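The values are calculated or read from the model by the stated rules, or taken from the named source; none is laboratory data. Remember, it's a predicted structure, so these values are computed and weren't measured experimentally. Note: ideal-geometry Cβ built from the backbone for every residue, glycine included; neighbour counts use all protein chains shown. Side chains included, ligands, DNA and RNA excluded: accessible areas come from the protein's heavy atoms. Shrake-Rupley method; radii C 1.70, N 1.55, O 1.52, S 1.80 Å.
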Amino acid sequence: MKPRIAVLGCGYWGSNHIRTLKALGALHAVSDVNRARAEGFASEQDCLAIEPDRLFERNDIDAIVMALPPQFHADTAVRAVESGKDVLVEKPIALTVADAERAVKAAKDNGRVFMVGHVLRFHPAFETLKGLIDNGELGEVRYIHSHRLGLGKFHTENDALWDLAPHDLSMILAITGTEPIEVRGEGAALLDNLSDFAHLHMRFPNGLRSHLFASRLNPYRERRLTVVGTKAMAVFDDVEPWERKLAVYRHAVWQDSGQWAFTANEPSYVPVGEGMPLTRELAHFMQCIETRAEPRTDGEEAIRVLRILTAGTVIHMGASD
């Protein structure tokens, strides 16, 4: 029997969860402070509409997917796990490390599954890239950089770094297998006092370096993760069509008579099976509910992401700072 899952928060991302869980046969209920919005989705998807305060007491709900403004995630997650519900919390898990740690501890204390929506970890292209790295195809990874740029969305509580970077940080942490020992952030605020452009520079214990650039005021979309190894370089470009999403460049650089020389080769495109990351993420959540396994994107990883975001955040006193 599939788990009975409720979606709390029927906004843009919540609506994606609603439709995907319906397709997976696990959507039992929807909930939102806007009762009319919840009832609209309930009618459309043939499920229950339940008021948020009543959601936690229901015995016919096994788990809750939370797609709320991030300032409400921690308290709501604590209430859910203490009510015996497994949870998937959208990113960011919270706005402070302390709140995130409190929610994760509550889940452990109550024996509940706690998963965070770092959806790109379930992208087939990233999974294939991770496999190439683990198999030594790229050699020793020395540098990782990611660019996540576009126009919008604009939030009053979190800036471009907090809104856009969690996905990339989750992928970087999965590749490195460790936290950075040094984080330096830069940011520029044009609209108000929140960074619209954000850079993160990270240094890891093994000497690996990483750079992240996020922008919500960019005229074009860019969704690119580049991994530079001693044998080859790989690029996961999510803007490209499926047959070109993952490219491997087998460039060579060496010294010859005291001078640097190199060969630049055309990329080879690695076959990637098509699949929607959100569908794969929610299927993984359902499997964890059924087997009680630890999720791939668990609460501890989300705490590590928050530590980096916190360390790299730039505080602006005004838009001109």
Which condition number does GLY177 fail, the rest of (1) out of contact with any helix residue (DSSP H, G or I) (no Cβ under 7 Å at 6 or more places or on another chain); (2) touching a residue at least 12 places away in the same chain (Cβ under 8 Å) being met?
(2)
Scan region 188-200 for residues that are touching a His at 6+ places or on another chain (Cβ under 8 Å) and crowded, with 16+ Cβ neighbours inside 10 Å and jot them down.
ALA189, LEU194, SER195, HIS199, LEU200
ALA293 vs (1) assigned by the TED database to the domain that holds ALA125; (2) exposed (fewer than 15 other Cβ atoms within 10 Å of the Cβ): all pass except (1)
Selection over region 208-236 where residues are open to solvent by 50 Å² or more (accessible area, probe 1.4 Å) and in contact with a His (Cβ under 6 Å, 6 or more places away or on another chain) yields a count of 1
Select the helices (runs of 4 or more DSSP H) contained entirely in region 29-83, then report the ones holding at least 2 residues which are in contact (Cβ under 8 Å) with a residue 24 or more places away in the chain, surrounded by 22 or more Cβ atoms within 10 Å (Cβ to Cβ) and of a type outside the set (Phe, Trp, Tyr).
73-82
Just a yes or no: is a residue in region 150-162 closer than 30 Å to ALA252 by Cβ, open to solvent by 50 Å² or more (accessible area, probe 1.4 Å) and in a strand (DSSP E or B)?
no
So the check is Cβ under 7 Å with 6+ separation or different chains; which pairs have a first residue in region 259-278 that's over 20 Å from HIS118 (Cα atoms) and a second one that's among the polar types (S, T, N, Q)?
VAL270/THR128
List the number of the failed condition for THR96; all other conditions in (1) open to solvent by 20 Å² or more (accessible area, probe 1.4 Å); (2) within 30 Å of ALA36 (Cα to Cα); (3) β-branched (Val, Ile, Thr) hold.
(2)
Quick test of your reading of the structure: CYS288 fulfils all but one of (1) without any contact (Cβ under 8 Å) to a residue 24 or more places away in the chain; (2) surrounded by 19 or more Cβ atoms within 10 Å (Cβ to Cβ). Name the failing condition by number.
(1)
Where PRO205 falls short, out of the listed (1) in contact with a Pro (Cβ under 9 Å, 6 or more places away or on another chain); (2) open to solvent by 10 Å² or more (accessible area, probe 1.4 Å); (3) assigned to a helix (DSSP H, G or I)
(3)
